[in-house]
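In what follows, a single structure is set out as structure tokens and then discussed.
The values are calculated or read from the model by the stated rules, or taken from the named source; none is laboratory data. Predicted, not measured: the structure shown is a model, and the values here were computed from it. Glycine also receives a Cβ, built like all others from the backbone with ideal geometry; neighbour counts cover every protein chain displayed. Remember, those area values only see protein heavy atoms, side chains included, never the ligands or the DNA or RNA. Shrake-Rupley method; radii C 1.70, N 1.55, O 1.52, S 1.80 Å.
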Amino acid sequence: MIDSAREQGLETEAVIGLEVHVELSTHSKMFCGCRNQFGAPPNSQVCPVCLGLPGALPVINGRAVEYLCKTGFALGCTVSPYSKFDRKNYFYPDMPKNYQISQYDMPLTTGGSVTLVSGRKVRLNRIHLEEDTGKNTHAGAAISRSEYTLIDYNRAGVPLMEIVSEPDIGSPQEAEQYLSELKGILSHIGVSDVKMHEGSLRCDANVSIRPVGTQRLGVKAEVKNMNSFRSVVRALSFEIERMRECTRVGQPIVQETRGWDESRGVTHSMRSKEQAHDYRYFPDPDLVPLSIDAALLERWRLELPELPDSKRARFAAEYGLSAYDAGVLTQEAGDAAFFEAVAKASGDAKQAANWLMGDVRKCLQLHGLTLSSSPMKPAHLAALIAMVKSGAIGGKAAKEVCDELVMHGRDPQDVVGERGLAQTSDASAVAVIVDAVVARNPESVTAYRGGKLKALDFLIGQAMRESRGKANVDVVRSRLQELLD
Amino acid sequence: MISGHEIRDAVARRERSAVEVAQQALQAIDRLEPRLRAYISLLPERALSQARSVDARSRAGQDAGLLAGVPVAIKDLFCTKGDRTTCGSKILQDFRPPYSATVVERLEAAGAVVVGKTNMDEFAMGSSCENSAFFPTRNPWDEGRVPGGSSGGSASTVGAGCVPLAMGTDTGGSIREPASFCNVVGVKPTYGRVSRYGMIAFASSLDQAGPLSRDVRDAADALEVIAGFDPMDSTSVDVPVPRYADHLLEDLTGVRVGLVDDFDETIAADSGMTSLYQTAYRNIEALGATLVHVRLPHAKYGLATYYLIAPAECSSNLARYDGTRYGLRVDGGDDVYSMFERTRAEGFGPEVKRRIVLGTYALCSGYYDAYYVRAQKVRTLMKADFDLAFASCDVIACPAVSCPPFELGAKSQDPVAMYLMDYFTIPMSLAGIPAMSVPAGYVNGLPVGLQLVSPAFEEARMLGVAHAYEKATGHARRRAPQLSAR
Amino acid sequence: MADVPIDIHYVAKLARLSLTDEESARISAQLSRLFDFIGELQGLDVSGVHPTAQVIPLANVYRDDVVKPSLSNDEALANAPQRDGPYFKAPRILEGEF
Ligand SMILES: [Mg+2]
Ligand SMILES: [Zn+2]
């Protein structure tokens, strides 16, 4: 089929399906009571169960099941009336039992979809629950050149939700949109902290290409090891181009697993179809099936918070935000809640949005912070907005105060008082300064009166400098105009 | 050695001290150990410190527990915190678990005194105790013969009278068969009755812990102690545990005992076996029971079903022994997988390897439906057979074994002959229902057990019948002649 | 005697078990006897029968999402054949292996 595409010189399109692994933010692990927390000292959050010690047995964490079902509801999936856990058998040194407890032929949910900003619907195949593996550190640079492996099992047994999409994604950019939409939804329902850099959201992709207008799927490659949204886009772009090149030069595309090498920016073959694992799935005899009560499912469904798309619509309607602003502000549940608090407290949603997407965001990015990791309180940002609006401080001072809020969570009143940033709007005090400036710059006065309107800006600047930035610029301007016009 | 309940009563009344009882048990073990080799590890310190605390409790007038001061031997597949737990395997020869099995915790909480860890077939795979990676255990009735397996060390030490009580596990007959061979009582409870937490897995959907003892009453008390829901085991069932000792019968009037028509008679190698069991059934009838005939049409598929399900589960359960986190490690080679392969090649014995190969195969894609899933369907049919049978009887009586204890080495070259040893015990394991062996007499001077079977969670019924039978026949009271002679 | 349909080398590889030629030959021979009676099942009609994975009629057994104490690092590593500081240590992993 690809060959005929080449012969006919047809355009090809990419067909992408994603498998997203999301670590759930439960307190304890999937099958034991060890704490589920990123960043603890190596092998300090392990017990007989998650170390796979002889004789230890798993017991299902009910909250993980709840989180998965809630995710299912948020994505319009069908929760299966009967589900079970299976063992996926293969040897790997970060897997304590040399099998992973997962779900094979009866996942907790099936169906559902994610709607992209473009309006395209990406259908979901299934979502299932499984346990995470430990983490290997390879001594030395490349895996194959290292002499040994160090293993930390803290992550082993962390609850993992695998969201499998249908091959409905048409480009690397759409893949990124899909991931970002998914991330927003998961963050809203609070089932995961979705931090890709901490590995709480990981993604594998199935990629193939086919002639535009055809339906049959081409031979696919599975791409692994993509650790950020950016690497997803890069890896998929590379892989699609590699496949197109294959068809151009008449080389067959083979079914295989390919790893993404972030530093070299290439994918490389890890194993072929012939070497594929035989996972020997069978029902885990240590666990009993799931058949979740309809009333409980209904309760979980009702507990779902407002989801990004309805929140977006509401922000646009209620606060008069543009579609773009509403979209940005609803990406993360915490950000959206922060915005709403500032908008309510300041009574000015437009300004709240401007600040959050402008100076606050810049400052956060500069210092590698996020809204949730910054100590800033919504009430303080609202107070800052009010101070600017009332003319109590000027724009430049406001930026300075904003930095203090973002970095140290301080009260803007205190910062302004401490640093003497308050603006002078008192007309008589301003008049003294302006009068002096006019007296000292007769040539500018003449120029202005001669029609050079720019000379006014110069005089305003002089007056502002004289006041060390504290004069209210509007008051300065009106006094000057009063004197000169 | 007197029985466990006599020890408990004496300790509770402070007529004897638990320390003195423990010392006597340890001495008896020391004396016979060179001949029987029933233990992989002895735990005198653990035993004496526990015995002292039992004595302290009874001196303080506190309830010292249902098994106060009773010496108990533990099959070496139950984890004992800090104490070596090998599962009869070289791959775990130095493993010291950081936790104890629920069964061990419950026994010690009830005042039992753990004296040692008993020998077993490696990973509980075997019927003779010859598959131990360390040494074979001997039968107290004839030291040239096997004690049965896999709980062979437990059966041997109780049969020899060293301790009144031991813990075993039964996957396809591993409590009932050695109990039969060593003239002791052995109980396999309902699947889910006793927690499997801390019990090293062989086949998870079949494994179940249970007591081996000198008499039915001790088995009843021990089962009461270890049974019941455990939040650490999802497959343990929350069904109330009765006071089993209150259900022990003296006569069997009104009890319907089912005899099975569908077992293959030719399995029994010795004609003495047939007449022994006929006598046993007549004894039961003489106690007032009504004998009825029941059908188990799928029982004959038991072995085939079992030898797909158990190895499949075992192949997965034993994957964790790879030399990384605990146990034996054999280095050399270039990478982690050659370490895995060398470790497992050296750490596992031939029987374990055979079952891993068979089980891995049965789960492979392309064969899974034909073998594993089909076996699970037959399991459904077998369970239905028993449900139907129990509609017309209260308890089923049948052979526990097809032969009396055999000589060491007699079957070790022929695994299939060894597998046939479990012919009568496997169907109950597959159905998950309780079954036990109670001493039923002697063929050529060697002990043989009668198997009694009840519906799920009705252990009280079979214990009740076994008690009446035991009292009437007195087989359990007979001591191993060789040992008492010397 | 039934044919052994097992590719013993493939299965041993999956099970990470290196077998000597002698072991492979012996296990093959023994398994072929075993398949004589395993084969009996193939003749049985099981159509419409549900597979029994667990004999107990239980479902939905959960634990509460409560944190319980873990082992200390030393307890966790106490049985490790090789350790390096707080880590378990294993030989290197060659990529492309399975
Ligand atoms: Mg997965
Ligand atoms: Zn744990």
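Rounded to the nearest Å, what's the spacing between the alpha carbon centres of the range A:42-92 and the range B:414-454? Just the number, please.
If you average the Cα positions of each part, the centres end up 38 Å apart.
Looking only at the protein assembly as shown, where both bridge partners belong to it, what percent of the DSSP beta bridges are antiparallel (to the nearest 5)?
If we restrict to bridges inside the protein assembly as shown, about 80 percent are antiparallel.
Can you list the HN-Hα couplings for the range A:282-287, worked out from phi with the Karplus curve (6.51, -1.76, 1.60; θ = phi - 60°), rounded to whole Hz and with x for Gly and Pro?
3J(HN,Hα) across the range A:282-287, in whole Hz: 7, x, 5, x, 7, 10.
Calculate, in whole percent, how much of the Cα-Cα pair population of the range A:306-419 lies beyond 17 Å.
Value for the range A:306-419 (Cα pairs over 17 Å): 51 percent.
In what sequence, largest accessible area first, do B:S402, A:S322 appear using a 1.4 Å probe?
These residues rank, largest area first, as A:S322, B:S402.
With a 1.4 Å probe and all protein chains in place, put A:H27, B:H467 in order of accessible area, largest first.
A:H27, B:H467
With every protein chain left in place and a probe of 1.4 Å, what is the accessible surface of B:L388, to the nearest 10 Å²?
Per-residue accessible area (B:L388): approximately 130 Å².
P(r) for chain B: what percent of alpha-carbon pairs falls in each 10 Å bin, starting at zero?
It works out to 4, 22, 33, 27, 11, 2, 0, 0, in whole percents.
Given R₀ = 41 Å, what would the calculated FRET efficiency be for C:A25 paired with B:Q23, taking r from the Cβ atoms and rounding to 0.05?
Details: r = 52 Å, r/R0 = 1.27.
Efficiency computed from Cβ-Cβ geometry: 0.20.
Note down the relative contact order for the range B:259-389 as a percent, whole number, built from C-alpha pairs under 8 angstrom at least six residues apart.
For the range B:259-389, the relative contact order is 30 percent.
Determine how many Å³ per residue the convex hull of the Cα atoms of the range B:36-186 encloses.
94 Å³
Take the Cα gyration tensor of the range B:162-288, multiply each eigenvalue by 5, square-root it, and list the three semi-axes largest first, rounded to whole angstrom.
Taking √(5λ) for each Cα gyration eigenvalue gives 28, 19, 15 Å.
Could you tell me the distance between the Cα centroids of the range B:1-77 and the range C:45-86, to the nearest Å?
Here the answer is 33 Å between Cα centres.
For q values of 0.09, 0.15, 0.18, 0.20 Å⁻¹, compute log₁₀ I(q)/I(0) with the Debye formula on a Cα-only model of the range B:221-373, without solvent.
Cα-only, vacuum Debye calculation for the range B:221-373: -0.60, -1.09, -1.15, -1.18.
Under 21 Å Cα to Cα from B:K75, which lysines show up? Leave out anything in the same chain fewer than 8 places away.
Within the straight-line cut-off, B:K75 pairs with B:K90, B:K117, B:K188.
Under 8 Å for C-alpha pairs, at least 6 residues apart: give me the relative contact order for chain A, rounded to a whole percent.
Normalised by residue count, the contact order of chain A is 14 percent.
Which listed residue (A:V164, A:I185, A:V207) has the Cα farthest towards the positive end of the charge dipole for the range A:150-239, taking +1 on Lys and Arg C-beta and -1 on Asp and Glu C-beta about the Cα centre?
It is A:V207, whose Cα lies furthest towards the positive end.
Quick test of the membrane-span-like rule: which DSSP H helices of chain B reach at least 24 Å along their long axis (C-alpha atoms) with mean Kyte hydropathy at least -1.0?
B:18-36
With the Cα gyration tensor of the range B:100-183 giving a ≥ b ≥ c as the square roots of its eigenvalues, does the rule (a/c under 1.5 for rounded; else a/b larger than b/c for prolate; else oblate) give rounded, prolate or oblate? Spell out each step's value before the answer.
Values: a/c = 1.92, a/b = 1.45, b/c = 1.33.
Prolate, because a/c is 1.5 or more and a/b exceeds b/c.
Report the accessible area of A:K362, computed with a 1.4 Å probe over the heavy atoms of all protein chains in place, in Å² rounded to the nearest 10.
130 Å²
With each run of n ≥ 4 DSSP H residues scored as -39500 (n - 2.57), what mean residue ellipticity at 222 nm is computed for chain C after dividing by its residue count and rounding to the nearest 500 deg cm²/dmol?
-9000 deg cm²/dmol
As a test question: what accessible area, to the nearest 10 Å², does A:S192 have when a 1.4 Å probe is rolled over all protein chains in place?
A:S192 exposes around 10 Å² with every protein chain in place.
Tell me the angle of helix C:21-38 to the major Cα principal axis of chain C, expressed in degrees between 0 and 90 and rounded to the nearest ten.
Long axis of C:21-38 versus the principal axis of chain C: about 60 degrees.
Under 17 Å Cα-Cα from A:K350, which lysines qualify once same-chain neighbours fewer than 8 residues away are excluded?
Straight-distance partners of A:K350: A:K311, A:K389.
Give the aspartates and glutamates whose C-alpha is closer than 19 Å to that of A:K470, dropping any in the same chain fewer than 8 places away, or say none.
A:E400, A:D403, A:E404, A:D414, A:E418, A:D426, A:D435, A:D457
When the chain is fully extended, how far beyond the present Cα-Cα distance does B:T253 get from B:E143, taking 0.36 nm per residue of separation? If you can, show how the numbers build up before the last one.
Numbers: separation 110, 0.36 × 110 = 39.60 nm, distance 4.01 nm.
Taking B:T253 through B:E143 to full extension adds about 35.6 nm, to one decimal.
Please get the size of the charge dipole for the range A:2-296, origin at its Cα centre, with Cβ charges of +1 on Lys and Arg and -1 on Asp and Glu, quoted in debye to the nearest 20.
Using Cβ point charges on Lys, Arg, Asp and Glu, the range A:2-296 gives about 140 debye.
Relative to 2.2 N^0.38 Å, what does the C-alpha radius of gyration of the range A:427-484 come to as a ratio? Two decimals please.
Rounded to two decimals, the normalised Rg is 0.99.
Could I have the simple spin-label model distance between A:E443 and B:A417, label points 7 Å from Cα toward Cβ, reported in nm to one decimal?
Simple spin-label model gives 12.2 nm for this pair.
Projecting each Cα onto the charge dipole of chain A (Lys/Arg +1, Asp/Glu -1 at the beta carbon, about the Cα centre), which of A:Q173, A:G112, A:I127 comes out farthest on the positive side?
A:Q173
Apply the Kirkwood formula to the protein assembly as shown: the hydrodynamic radius equals the inverse of the mean of 1/r over all pairs of different alpha-carbon atoms; give it in Å with one decimal. Mind showing how you got there, number by number?
Working: mean 1/r = 0.0302 Å⁻¹.
Taking the inverse mean of 1/r over all distinct Cα pairs, the protein assembly as shown comes out at 33.1 Å.
From zero outward in steps of 5 Å, how is the percent of C-alpha pairs of chain C spread across the bins?
2, 8, 9, 9, 9, 11, 13, 14, 11, 9, 3, 0
So if we plug the beta-carbon distance of A:V249 and A:N225 into 1/(1 + (r/R0)^6) with R0 = 30 Å, what FRET efficiency do we get, rounded to 0.05? Don't skip to the answer; put the middle values down first.
Values: r = 26 Å, r/R0 = 0.87.
Efficiency at R0 = 30 Å is approximately 0.70.
Given an 8 Å cut-off on Cα distances and at least 6 residues of separation, report the relative contact order of the range A:374-485 as a percent.
26 percent
Which pairs in the list A:K135/A:K362; A:K29/B:K383; A:K70/A:K97 are over 32 Å apart, alpha-carbon to alpha-carbon?
Table pairs above 32 Å Cα-Cα are A:K135/A:K362; A:K29/B:K383.
Looking at A:A326, A:S444, A:A336, which one has the Cα that reaches farthest to the positive end of the dipole of chain A (charges on Cβ: Lys, Arg +1; Asp, Glu -1)?
It is A:S444.
Sorted by accessible area with a 1.4 angstrom probe, largest first, how do B:S154, A:S44 fall? Kindly include the intermediate steps, with their values, before the conclusion.
Details: B:S154 0, A:S44 40 Å².
Reading off the accessible areas and sorting them downward yields A:S44, B:S154.
Quickly work out the A:E303-to-B:D369 label distance, labels modelled 7 Å from Cα along the C-beta direction, and quote it in nm with one decimal.
Going by the 7 Å Cα→Cβ label model, 3.9 nm.
What residue among C:V61, C:V46, C:V11 has the largest mean-square fluctuation in a Gaussian network model of chain C, using Cα springs under 10 Å?
C:V61
Taking Cα centroids, how far is the range B:100-172 from the range A:227-265 in Å?
Result: 59 Å between the Cα centres.
Only residues of the range B:126-168 count here: report those whose backbone N is under 18 Å from the spot 7 Å along Cα→Cβ of B:E6, or say none.
Only B:158-166 pass the distance filter.
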